[in-house]
Every structure is written in structure tokens, then in C-alpha cells.
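Here is the structure we will look at, set down as C-alpha cells.
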Amino acid sequence: MDFPLNARFFLLPLTVALIFTVIMPALSSLVTSPTVSGGQINSNSVLVALLDSHYTEIAELVEKALLLQTLEEAVGRHNLTVFAPRNEALERGLDPDFKRFLFEPGNLKSLQTLLLFHFLPSRIPYDSFPSARHRTLSGDQMILTSSKSGHHRADVAGVVHPDSVLRPDGIIHGIDRLLVPRSVQEDFNRRRNLAEISAVLPTGAPEVDPRTHRLKKPAPPSPAGSPPALPIYDALAPGPDIAPAPAPGPGSGKHWFDGHRQIKDFIQTLILYGGYNEFADILVNLTSLATEMGRLVSEGYVLTVLAPNDEAMAKLTADQLSEPGAPEQIIYYHLIPEYQTEESMYNAVRRFGKVRYDTLRLPHKIVAREADGSVKFGQGEGSAYLFDPDIYTDGRISVQGIDTVLFPPEESLTPAVGGAKEAAHVVKTAVSKPIRGEYSVLLLASMQCSLVQGFPMAVNGIFQRGQTNFFFEFF
């Protein structure tokens with residue numbers, strides 16, 4: 001059909017307007033839209049770019065985590081910025097336990113959260129990198145930081161390949177490690193702690209027979225040198241006539257600890273060191289504590305001895321030593337059932353300010369604190385300084401010299417008005433009244449002579465202290 005010429009002039013503008021308003025936008029949408037009908041990903045999409053050879057492993061993780069549909073919907077709504085570690089950097093610094101945790105079937109939610117943490121719902125090119133917090137598709141906040149030198153970071157990872165892939169619907173920046181959001185890390189820590197707790201079967205403490213002070217059941221085998229299962233306080237108590245076998249250890253050819261030999265060495269060291277003869281006198285002659293300490297060390301126990309020097313021991317009164325069991329109680333308060341050196345004790349008081357050490361005199365403890373660059377034991381006027389550090393240390397016995405004899409605070413009941421009683425803490429203080437006489441001097445001289453000769457001979461004799469005769473025998 002033929003149109004008049006003037007009618008053709010009217011139809012031409014109308015046709016051009018129709019092309020620019022309807023047809024061109026439709027064509028443009030087909031070119032730039034990442035998705036087409038049927039939900040298929042456009043070949044020019046940023047999601048398809050993840051299948052590039054540098055990012056194939058994280059693309060496989062996205063597929064395993066069932067996130068393709070979620071990301072298709074996200075890329076259809078807005079541009080994406082993807083911080084993707086390359087294949088060689090995906091497992092860099094990654095805990096193997098954490099990797100196993102991510103791939104467990106019950107932890108799919110954690111894997112999805114971790115992967116979505118790498119996607120930001122906005123387009124951020126490298127040249128306009130902001131220093132701010134951005135919410136990721138996982139809902140967690142990611143901190144982006146930029147520097148004047150051009151080194152940018154996404155959370156804890158560095159951006160090593162900026163603008164690695166540019167697409168109409170998004171951009172990919174290559175980073176040097178996998179990003180782990182705080183929520184996934186906390187979930188992993190909770191699961192790991194629960195697994196560790198459930199893997200440990202609860203076992204009760206060893207049962208001690210109160211009559212014999214020995215274990216009711218034999219202790220399970222333990223590595224050589226490990227602490228004994230029997231508490232040291234029960235080992236001190238009188239037990240059956242047959243003593244337990246020496247604890248295994250690397251100390252001798254027969255593979256047990258030779259406690260008696262170590263006690264001899266430590267007492268000999270005290271005498272040769274000088275200034276601790278009185279303390280050695282009490283251990284060897286006035287009591288049988290040297291033999292008892294040797295037995296404990298042979299059974300695998302360790303001891304730290306706080307040894308008062310001769311000047312401190314000379315201040316003890318006859319009354320303080322004449323009561324039955326008094327010398328033993330004094331020495332027990334100076335024995336700590338653990339191995340401590342001057343360095344370990346000083347570091348402890350420097351860090352914690354005040355440390356309480358158990359002693360063999362139950363239930364009393366020794367309080368240690370830092371003072372004047374050293375360790376100070378006790379409280380008030382009866383306190384003592386660590387005077388001579390590490391006089392003897394062999395891994396089982398440690399001897400530290402102090403300048404005062406320590407006494408524990410003792411509770412005494414004082415009658416009050418109306419017949420009531422209230423507890424008051426009284427600290428015994430030593431009165432300066434020398435008691436050492438010529439008998440103890442001769443005794444120490446004979447003991448020192450035998451020790452210098454190699455300690456092969458036993459020391460026997462009787463010496464007089466006040467009105468009491470003492471029989472002494474050592475080994």
C-alpha cells in the first residue's frame with residue numbers, strides 16, 4: 001500500500017522514537033544483565049570469572065556449600081566485590097583441624113558463612129578503596145583499610161592482585177589468605193573445646209587407705225621421672241613394714257633415684273659452703289629428717305629446702321628445741337614439696353605479687369613476695385630474705401639459704417568476758433639467747449671431717465644440750 005509523501009514524513013520521527021525508547025533498552029538489558037530467563041548465569045558474569053584458573057578451588061567450595069543460587073540472586077540485585085584467595089593461598093596458615101571442621105556435614109552453615117564473608121554487595125574498585133567497615137553477604141562486618149603507599153587490606157588479608165577480574169556485574173580482588181569471620185572462629189573453638197572435654201574420660205583421684213597411708217589400689221604405670229601417685233603427706237606418715245620399691249628414674253645404673261646419696265651430697269655441700277653447720281646438725285643429729293628426706297627422694301618426690309644460716313639458728317632458744325617434736329616441726333616448715341629455684345620463685349613473685357607455697361608442716365603455708373630485688377618469706381618481724389640462692393640444685397633437691405628461722409602463725413584461743421572464746425593469731429618470735437656450746441662444736445667438727453673424707457663413715461655419739469642427752473646416728 002502506498003502512503004502519501006507527507007504521511008511518510010510524519011511516520012519517520014515516530015519510528016525513531018519507538019526504537020530509542022523500547023527496543024534499545026531491551027537490547028541493552030540482554031547484553032549487560034548477568035542472568036537471563038530460566039535463572040542461567042551470563043557468561044560475562046563475575047561468578048563465571050571465579051572459574052578462572054587462579055580461583056578454581058574457591059569456586060568449588062562455593063558449589064559444595066550450595067551457594068550458587070544465593071549468589072545468582074545477589075548478583076541480580078546489585079554489583080558484587082569479591083575478595084578471593086588464589087589457589088596457592090587458599091590453605092596458607094589454615095589449621096588442619098579447622099579445615100576438617102568446615103567439611104563436616106553438620107557444619108555446612110559455618111562453611112556458608114565463611115564463603116559469603118568474601119562477598120560485598122557493592123562495587124569497590126581498587127583506585128577508590130575506602131577505609132571503612134562494610135557489611136558482607138554473610139551479615140558480618142569486614143574492615144577495609146587503605147594506605148598512602150598503595151597497600152590495601154581486606155580484614156586480615158592483603159590485597160595482592162587488585163582488580164584481578166573486572167565484569168559489568170562485579171569485580172574480583174585477589175588476596176593472600178582465606179578470611180575467617182569471628183562467628184565461624186568462635187563456633188570452631190566451641191566445638192573443639194567440647195571435643196577435647198568429651199575425649200577425656202573422668203578418673204578419680206587415687207584412694208589412700210587412712211590406716212596404712214598407702215594407695216588402696218596399685219597406681220597405673222607411669223613414665224620414668226613422673227611424680228608419685230601417693231601424696232607426699234601420706235608418704236611421710238608411718239606405713240607398713242615393707243617400704244615401697246624405689247621410684248624408677250635415670251639417676252643411677254639400676255634406674256632408680258638414689259635419694260640417700262643426694263641427701264649426703266646436699267648436706268656435704270651445706271658444710272663446705274660455710275655458714276649452715278647448725279642446720280646440718282639438726283638434720284643429721286638432732287632428728288632423723290635426713291634419713292626421711294632420703295627416703296622421699298628415693299620414692300620420686302622432690303623437695304625445696306629453705307635453710308636458715310648459722311646466725312639465724314643461733315637465735316633459737318632452748319625452750320623452742322626442748323619440746324618433743326619441736327625440731328622436726330621447725331624443719332618441716334622449711335621444706336616445700338616442690339622443686340623451686342631462686343629464678344623460678346623470683347619470677348613467680350614478680351608476676352603474681354604474692355605466692356603461697358605448701359610446706360610439710362600441715363596445714364601451714366609459706367607466703368613469698370618480692371622485696372628489695374629478692375624473695376621475702378613470711379610476714380612481719382619474723383620474715384626472711386632469700387640470702388644465698390641455689391646453694392644446691394640437682395633437679396630433685398633445691399637448697400636456698402635464708403637469714404631467719406621461719407615460724408608459722410598459730411591460732412590460740414583466748415578467754416574473753418562472759419566465758420566466750422575468740423581466735424587470735426599469734427606469731428612466735430625468736431629471742432636472741434644462744435644455746436650452742438662446746439658439745440655441738442665438737443660434733444660439727446667430727447661430722448665435717450667425715451664429710452670431707454667422702455662421707456663413707458657413719459657418725460655416732462652422744463652430745464649434751466641443756467639437761468638432755470641426744471643419741472645421733474646418720475646412715
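Which stretch or stretches of region 82-125 have amide N atoms under 19 Å from the point lying 7 Å from residue 48's Cα along the Cα→Cβ direction?
Only 82 pass the distance filter.
May I ask you to rank 186, 292 by accessible area, largest first, using a 1.4 Å probe over the protein chains only?
Highest to lowest solvent-accessible surface, that is 186, 292.
At 1.4 Å probe size, what's the solvent-accessible area of residue 180? Round to the nearest 10 Å².
Rounded to the nearest 10, the figure is 40 Å².
With θ set to phi - 60°, apply the Karplus curve 6.51 cos²θ - 1.76 cosθ + 1.60 along region 117-127 and write out the HN-Hα couplings as whole Hz, x wherever there is a Gly or Pro.
For region 117-127, the Karplus curve yields 5, 8, 10, 10, x, 7, 8, 10, x, 5, 6 Hz.
Could you state the principal axis extents of the C-alpha atoms in region 46-189, from the largest down, to the nearest angstrom?
41, 31, 28
Through the Karplus equation 6.51 cos²θ - 1.76 cosθ + 1.60, θ set to phi - 60°, convert the phi angles of region 71-79 into ³J(HN,Hα) values in whole Hz; use x for Gly and Pro.
Going residue by residue, I get 6, 4, 5, 5, 6, x, 8, 7, 5 Hz, with x marking Gly and Pro.
Per 0.36 nm of contour for each residue apart, how much would the distance between residue 261 and residue 122 grow if the chain were fully extended, relative to their Cα-Cα spacing?
Residue separation times 0.36 nm, minus the Cα-Cα distance, leaves 42.3 nm.
Short version: ³J(HN,Hα) in whole Hz for each residue of region 346-351, in order, from phi by Karplus 6.51 cos²θ - 1.76 cosθ + 1.60 (θ = phi - 60°), x for Gly and Pro, what are they?
Once rounded to whole Hz, the list reads 5, 4, 5, 6, 5, 7.
Which value, in Å³ per residue, describes the convex hull spanned by the Cα atoms of region 259-402?
111
How big is the antiparallel share of DSSP beta bridges in region 46-189, given as a percent to the nearest 5?
70
Once fully extended, how much extra length lies between residue 343 and residue 146, figured as 0.36 nm per residue of separation less the alpha-carbon to alpha-carbon distance?
Using 0.36 nm per residue and subtracting the Cα-Cα distance, I get 66.3 nm.
The values are calculated or read from the model by the stated rules, or taken from the named source; none is laboratory data. Since the structure is predicted, the reported quantities are computational estimates derived from the model, not experimental observations. Positions of Cβ are generated from backbone atoms using ideal geometry, with glycine treated the same way; all protein chains shown enter the neighbour counts. To get the accessible areas, we keep the full protein, side chains included, count just its heavy atoms, and leave off ligands, DNA and RNA. Shrake-Rupley method; radii C 1.70, N 1.55, O 1.52, S 1.80 Å.
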